[in-house]
Structures are given as structure tokens and as C-alpha cells.
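The values are calculated or read from the model by the stated rules, or taken from the named source; none is laboratory data. The structure displayed is predicted, hence computed values, not measured ones. For neighbour counting, all protein chains shown are included, and Cβ atoms are generated from backbone atoms with ideal geometry for every residue, glycine included.
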Amino acid sequence: MENLIIPSSNEAREFGRLGGIASGKARREQKAFREIVQRVSNMGAPSKVVKWLKSAGISEEDATYQTAIVLRMFDRALSGDVAAFNAIVKTAGEMIDRHEVTGRDGEPLRMEKQLSMAEIRAKLRELDEE
């Protein structure tokens, strides 16, 4: 404690001012980055990606970088990539907070029980066979 230097009130005020300036700069940079990501994600995807999205049943007008990223995340999650699965769950959780998620029949989805990975894979195989 003997090496502790306590700033004077003027020094503390100056440090606070400089911290506020740095904080504002960081917030502006983060906002600019978010805006760039939003703009790029909504841009039309290149023809190679559009072809891939169309083969997955996505219309050409919905063929954006954002759609391609989401589809690729699902593809990776189905291959066992836990990080991709967690990202999807997090994003879906945010969507659930804003909207009601429904199944194909329009009824709200309900989790009856927690499924194991083996049960999920079996259900996916059943869907593939249909």
C-alpha cells in the first residue's frame, strides 16, 4: 500500500476525461463495424454461392451472404460441430424471445424432453428417408 499513488482531484478529472474520450472512440468504431457487417451480410451473394443456395431450396432473392452463413452453420452443426450448434441455439434463443417459433403445422414448438445426440441423429435420418 505504500507504493499507491493517489491522483489529485485535477488528475482524476483528467484521467476520467481521457477515459471518456477513448470510450466514445471505441463505441463509434464498434458501431461502424456493425454497420459494415450488416451491409455486407445483406448484399447479394456471388453466383457460385447463389447456385449452392438455390440447390438447397433458397430463392435467388433471398440468396445473401447472411443466408449462406446460416445455411453453412446448419450444415456444420449437422456434421457434429458443437460450436456451430451453440451459435444456432444462441441465435434461435434470441429469436424465440422476440417471436413465437412454430412447426410446419403452425403450432408452437414444445420440447417434451431433452434428446441425446444419438436420438437427434436417428430423427434426422428418419427425416432424410421421408
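Looking across the range 84-99, not a single residue is at pLDDT 80 or above and among the acidic types (D, E).
For the range 16-55, what are the residues that are part of a loop (DSSP other than H, G, I, E, B) and surrounded by 13 or more Cβ atoms within 10 Å (Cβ to Cβ)?
A45, the sole residue that qualifies.
Between a residue in the range 74-90 that is part of a helix (DSSP H, G or I) and any residue that is β-branched (V, I, T), which pairs come within a Cβ distance under 6 Å, given they are 6 or more apart or on different chains? Correct list of pairs: A77/I88.
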